[in-house]
Amino acid sequence: MEFGILSIAIPLLTIVLAIITKDVIVSLMGGIFAGLLVLNGYNPFTAFTALFNGTIEQFAQGWITKTLLFTLFVGAIITLLEQSGAVKSFVAFLDRYSKKIDSPIGAQMLAYVTGVVIFIESSITSLVAGTVAKPLCDRNGISREKLAYICDSTSAPICSLIPLNAWGALLLGLIVTAVDGKVIQGEGISLLIASIPYNFYAIFTLIIVLVVIYKKWEIGPMKDALPVTSIKAEHHDDTAVPALLPMLLPILAMVLSVPAVLYITGDGDIFKGSGSTSVYYATIVTLTLMYIYYITTGRLTHRSFFDTLFKGMGEMLPIAAILLFAIFIGKVIGDLGTAKYLASILSGNISPVVMPMLIFLVSGLTAFSTGTSWGTFSIMMPIALALGASMGLDIPLVIAAVISGGIFGDHASPISDTTIISSMAAGCDHVEHVRTQLPYALLGGLLAVFAFLIAGFFTR
């Protein structure tokens, strides 16, 4: 059955709801209900029951359940790292040896490297990088605005380029949904890995930050940002024992477990392994190792470990809900035939060469308006993948266009949680952080526009 313009109206409604409510879960549920209303002959009772029955039916698929559990377990790992004092010990270790890099460039590179190394979750990346480098940046005349920019620019970009985290779980879930729905062909993990070199905005952003650090390149309002001149020495927690292992051991365990399980589930071929199974067991291995290490070293008791574990899982419930409804709306959009209808309209009017660039721009606008890259991925990925398949586009390039656009809009948005956290971590006024960062974000976005246009030409 053809639904025509209604197949486009449903995803547009979801985007509009996200912009108005700033609530991704409500927006996704609203879009799903509207889509089910159309699919069920405009019977509101049938659509209502289909919404909640369909939500439960998602759990019947093993990969969805494993991906959701992985998301919850990542929340547990993050909270355990904080509650056990692993983050404080890591900060204390870097602060003790920071004298070796006590220079303007060294202070900024400390924030940059810390942000790159800690890629478990964008918020903790910003928090640790800002906490570690702030005293050294103050001492060397680096403005808090520049520190906030460095923290913000090494959080989401690095999490998307090394997707062994909740970002990877969400993206993999959206891609696998399209594969299982016969929208696109291929292995989910292979397509996600293949998209990484095309993640132009994230790559350009990390490069631009290095140029800013080494060339002292200050543009726009950043020229007027002044360092903190009167400092009441900010000392870290003196009770924290400097140590690397409590922080690095869990990260290494998770990073090494993913390819190991991919190799096992792929019968010796890492690219044919199960992504959902790999990240699921990686978090189980990590949590088991953390339990043994933290209990035997006295960092946590058995009771406090599990109290913290469940607290961390609870904090990730909204993210798990977003992932669940993102998968659901992808199915609804597929049933509505949105991509086929869009392709029939665009095929004679817009060249496939420019489509990756347009996907990037629309994703960027959506993320800027809503302040969330994850919500943007959830809304845009199903549409972009189906549209890309219908128009014969390079699928990894399409995936990267959505990811890059989501990060770009989120990076530039004043209502983004990552932007707000970066301001807090650096001790910077939030409005000033947005003003000083925006020119660099726009530069990265402009470079990405040209890169997607060129890539669209060469992948035809």
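Computed over region 264-409, relative contact order equals 23 percent, with contacts defined as Cα pairs under 8 Å that lie 6+ residues apart. Ranked by the mean number of other Cβ atoms within 10 Å of their residues, highest first, the peptides 162-172, 441-451 fall in the order 162-172, 441-451.
Of the residues 145, 315, the one with the fewest other Cβ atoms within 10 Å heads the list, and the complete ranking is 315, 145. In the chain, Cα pairs under 8 Å separated by at least six residues give a relative contact order of 25 percent. When the trypsin sites (Lys or Arg not before Pro) in region 21-94 are filtered for DSSP coil states and for at most 16 other beta-carbon atoms within 10 Å of their beta-carbon, the remaining sites are 22. I want to verify the translational diffusion coefficient of the chain in µm²/s; compute it with Stokes-Einstein, Rh as the Kirkwood radius over Cα pairs, at 4 °C and 1.567 mPa s. Rounded to a whole number, D works out at 57 µm²/s. This model, with +1 at the C-beta of Lys and Arg and -1 at the C-beta of Asp and Glu, gives region 121-168 a dipole about its Cα centre of some 160 debye. When only the Cβ of Lys, Arg, Asp and Glu is charged (+1, +1, -1, -1), the dipole of the chain relative to its Cα centre reaches about 500 debye. Only helices enter the 222 nm calculation for the chain: every DSSP H run of n ≥ 4 contributes -39,500 (n - 2.57), and dividing by all residues gives -24500 deg cm²/dmol, rounded to 500. Measuring nothing but how far apart in sequence close Cα pairs (under 8 Å, 6+ apart) lie, relative to its length, region 351-460 scores a relative contact order of 38 percent. For the residue pairs 182/311; 134/216; 66/182; 66/311; 88/311, the alpha carbons lie more than 26 Å apart in 182/311.
Taken as Cα centroids, region 101-161 and region 5-34 sit 35 Å apart, rounded to the nearest whole angstrom. Amide H to amide H distances under 5 Å link residue 140 with no residue, where only residues 5 or more positions off or on other chains count and H is placed in the peptide plane. This ranking places 224, 267, 152, 180 by how few other beta-carbon atoms lie within 10 Å of each, fewest first, which gives 267, 224, 180, 152. Positive end of the dipole of the chain (Cβ unit charges, origin at the Cα centre): among 457, 439, 14, the Cα lying farthest that way belongs to 439. In plain terms, the residue of 26, 209 with the fewest other Cβ atoms within 10 Å comes first and the most crowded comes last, giving 26, 209.
Bear in mind these aren't lab numbers, they're just calculated from the coordinates by the rules spelled out. Just so it is clear, the structure is predicted and the values come from calculations on it, not from any experiment. Cβ coordinates were reconstructed from backbone atoms using ideal geometry, including for glycine residues, and neighbour counts include every protein chain displayed.
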